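For reference, the structure discussed in these notes is given below.
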Amino acid sequence: MTLRTRRFLYLSFAAIFFIVAPLTVLYTTGIRWNYYKNKLEKIGNLVIRTVPRNVTITLNDEIFKKTTPWRFNNLLSNRYNIQITSEGYHSWQKTLAVNSGETTFAEHIFLFKKDLSVKQILDNVDFWIYEPTHALILFKKNNSLELFNLTNSQTQKIVDFNETITDATWSKNMQVLLITTPTQYYFWNYNEPTKLQLINSQRSTENCNLYADKVTSLLCANETQLFEVNPYTNTRLELFTEQADKILDFYSDQGIIYFLKKNSLDGNVYLRIYKPNFPNDTYPDYLLPDSTDYEFVGVEDKLAIILDHTHQKLYLLHLENNEENFNKSSQIYNDISNVIFAPDGTIIFFNDWEVWTKRGEQLALITRQSGSIKNVLWYPSNNHILLVQPNSLEFIELDERDQRNRAKILETEGIKKVQFDKTGTQIIYSVEKDNTQIIFTGDILPIDAGDLLPN
């Protein structure tokens, strides 16, 4: 081999090394030539998690059959059109950006069933309420109060009962139920299923709620007094008296009682705070406009949620501020008929045609409908609500990146009431017919999908 040849080979290998080595280093550190932007950039990643798990993913026209969660690595920074399908389920699609050096997450993707497997379980029901812990439906039918077990389809009679039930509320531990009729209150305990305690209370002049801190007690109020009631002995313990002031509504949580009162001197409505174990603690009054029909919905993270049904106004009152700062620190929303809490702290409020959510300081319009909205339910995925309309049920995704995916799961006339079962894979709903209700169940997800829902 001549000297010239050796020099040529040496220089050639050196040139290759100085070209390839930097490219190898760039590649191993995730640097690629981005032909979308005509420049070198670090790659990004995309993580997808779905229910059901076996799906077909279309990523910018490339088709992949995957079992999620799945991670797409080494993606060039770009906007990607993503479509996820599974036979028999509503599809999901969204355009998301994958950024250089970052991971984009597409989680809480639920593909709900297109055709529900519907099963009728009860008919001619006057009233019902579902208890998810033990999968029980308490219902009234033919002047009888009964229990239906969804697990074994067995029915158990509680007592004869010929009154009209207007409302029923479970305690936080789902052990006791407060039943309301036009004239009376009744107390039912899961551990004593065949007993129904009549509360010694004047329904026309007294308002009673379950005592959040004492499972076996009630809080009741008349116009001037608030007192604790033992439902088994019907004994009363007076907590305080507001003299000539009128108590409009109240709420209890974590050892604190919040109540709305109308002052007889100035005619104003105030929110006041009382601690039964610390009666001498003082708190400022929070001023509210005068109204005849206030509902104290609850307290979430020092935020009092109060509905004025007369004027359809929602008040979010910051309790760390006094009444002088009310207009600055609190929010008022008009044309609101109902509000619910979500476990993650989201507040959902709606009227007959709009649904809004509030997470922290973020306010979002979820939907505006042409038809009437009967109710809105929070779904355990923490990323969906169920819109209940008179003739349809529709899931709406809360993820506001790109479009909100929607899935209409049921169309039938006369929908009266809807609840989710304890796994979140099934709905229990009723249809009104001839002034009574027919109760059905329907699978909305695979039966094993409950393990994938947040706890």
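Could you work out the Rg to Rh ratio of segment 199-336, with Rh taken as the Kirkwood radius (inverse of the mean 1/r over all Cα pairs)? It would help to have the intermediate numbers written out before the result.
Details: Rg = 14.9 Å, Rh = 15.5 Å.
Rg/Rh: 0.96.
I'd like the orientation of helix 3-28 relative to the chain: the angle between its Cα long axis and the longest Cα principal axis, in ° from 0 to 90, rounded to 10.
10
For each of H384, H90, count neighbouring Cβ atoms within 10 Å of the residue's Cβ, then give the residues from fewest to most.
Working: H384 22, H90 17.
The order, fewest Cβ neighbours first, is H90, H384.
Starting from the 7 Å offset along Cα-to-Cβ, what nm value, one decimal, do you get for the label separation of Q184 and R406?
Calculated label separation equals 4.6 nm.
Along the Cα→Cβ direction, 7 angstrom out, place labels at M174 and T292. What is the inter-label distance in nm?
In this crude spin-label approximation the distance works out to 4.0 nm.
For the chain, what does -39500 (n - 2.57) per DSSP helix run (n ≥ 4), summed and divided by total residues, give at 222 nm, in deg cm²/dmol to the nearest 500? If you can, show how the numbers build up before the last one.
Values: 2 runs with 30 residues, N = 455.
Per the formula, -2000 deg cm²/dmol.
Modelled label-to-label distance, E320 and K37, 7 Å Cα→beta-carbon offset: nm?
3.9
Where does segment 306-455 land on Rg/Rh, using Cα atoms and the Kirkwood Rh?
Values: Rg = 17.1 Å, Rh = 17.0 Å.
For segment 306-455, the value is 1.01.
Between V215 and F240, what FRET efficiency comes out of the Förster formula 1/(1 + (r/R0)^6) with R0 = 30 Å and r the beta carbon distance, rounded to 0.05?
Working: r = 22 Å, r/R0 = 0.74.
It comes out at approximately 0.85.
If each Cα of segment 177-278 is one equal point scatterer, what is log10 of I(q)/I(0) from the Debye formula at q = 0.19, 0.21 Å⁻¹?
Once normalised to I(0) and log-transformed, intensities are -0.94, -1.10.
If you rank H108, H309 by fewest surrounding Cβ atoms within 10 Å, what's the result? Spell out each step's value before the answer.
On the way: H108 19, H309 14.
By the 10 Å Cβ count, ascending, the order reads H309, H108.
Compute the Rg/Rh shape ratio of segment 43-110: radius of gyration over Kirkwood radius, all on alpha-carbon atoms.
Rounded to two decimals, Rg over Rh is 0.94.
Can you sort S264, S217 so the residue with the fewest Cβ neighbours within 10 Å comes first? Working shown, then result.
Working: S264 12, S217 19.
So the residues, fewest neighbours to most, are S264, S217.
Project the alpha carbons of the chain onto their principal axes and report the range along each, largest first, in whole Å.
Between the extreme Cα coordinates on each principal axis of the chain lie 114, 55, 41 Å.
Taking the Cβ-Cβ separation of Q156 and D448 as r and a Förster radius of 35 Å, what is the calculated FRET efficiency to the nearest 0.05? Intermediate values should be presented prior to the final figure.
Details: r = 29 Å, r/R0 = 0.83.
E between Q156 and D448, to the nearest 0.05, is 0.75.
Each reported figure results from applying straightforward, stated rules to the coordinates on display, with no laboratory input. Since the model is a prediction, treat every value here as computed from it, not as a measurement. Here the Cβ is made from the backbone with ideal geometry for all residues, glycine too, and neighbour counts use every protein chain on show.
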